[in-house]
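The values are calculated or read from the model by the stated rules, or taken from the named source; none is laboratory data. No experiment lies behind these values; they were computed from the predicted model shown. When we count neighbours, we look across all protein chains shown, and the Cβ atoms used for this are built from the backbone with ideal geometry, even at glycine. Keep in mind that these areas ignore ligands, DNA and RNA; they rest on the heavy atoms of the full protein, side chains included. Shrake-Rupley method; radii C 1.70, N 1.55, O 1.52, S 1.80 Å.
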Amino acid sequence: LLFTLELLRPVQTHVILPFTGGIAHVSVWVMHLFDRDVIARQNDILSATSGGGIEIVAGCNGVEAVLILLSAILAFPAPWKHKLLGMALGFAAIQILNLVRIICLFYLHEWNPVWFEWFHLYLWPALIILDALVFWLIWLRYLPRRPELQSV
């Protein structure tokens, strides 16, 4: 259901695309702490010197990993306050790692296109999904225990 909602044009236009542009701008804000030579333009991160850069597109914004985690949390029988906390913290955990991913990929693209392709296509997608899985397992660990059923 969540993946279907994500694909609807109004959701893409009013939620996903602005969110993706926000990711580019937050990434550049973090990068400005150590590199003033980068700029964000919509969902692109560009080098002011070389003119090269990367574009953040669907599948690279962390939304799919968040949706997988939200689905797992919603499907598990737990109190709603724990579900809401897990969804909020899980969203943050995935997006923080995704910011690291995007910054890493920007510099790999500038320095070594072969390494960029390998990290972009293989390593980082696995790490983002692994982040969602590990967060879910940690969330499970901190859920309150259900009382044992009394046998008659």
Along the charge dipole of the chain, which of 45, 29, 75 sits closest to the positive end, that is, farthest toward it, with unit charges on the beta carbon of Lys, Arg, Asp and Glu (+1, +1, -1, -1)? 75
With equal scatterers on the alpha carbons only and no solvent term, can you work out the Debye log10 of I(q)/I(0) for the chain at 0.14, 0.17 1/Å? -0.75, -1.01
Using only Cα atoms and rounding to the nearest 10 degrees, what angle (0 to 90) does helix 63-75 make with the longest principal axis of the chain? 0 degrees
Report, in debye and to the nearest 20, how large the dipole of the chain comes out about its Cα centre when Lys and Arg carry +1 and Asp and Glu carry -1 on their Cβ. 680 debye
In terms of the ratio Rg/(2.2 N^0.38 Å) built on C-alpha atoms, what value belongs to segment 53-117? 1.42
Residue-normalised accessible area of segment 19-152, expressed per residue, 1.4 Å probe, Å²: 61 Å²
Applying 1/(1 + (r/R0)^6) with R0 = 22 Å to the Cβ-Cβ distance of residue 140 and residue 5, what FRET efficiency is obtained, to the nearest 0.05? 0.30
Not counting the cut sites, what is the longest span of the chain without trypsin sites (Lys or Arg not before Pro) that DSSP labels loop and that have at most 13 other Cβ atoms within 10 Å? 37-144
In degrees between 0 and 90, to the nearest 10, how far off the longest principal axis of the chain does helix 17-31 point, with axes built from Cα atoms? 70 degrees
Whole-percent carbon and sulfur contribution to the accessible surface of segment 1-128 (1.4 Å, no ligands, DNA or RNA) stands at 72 percent
Nearest-ten-degree value, helix 124-141 long axis tilted from longest Cα axis of the chain: 30 degrees
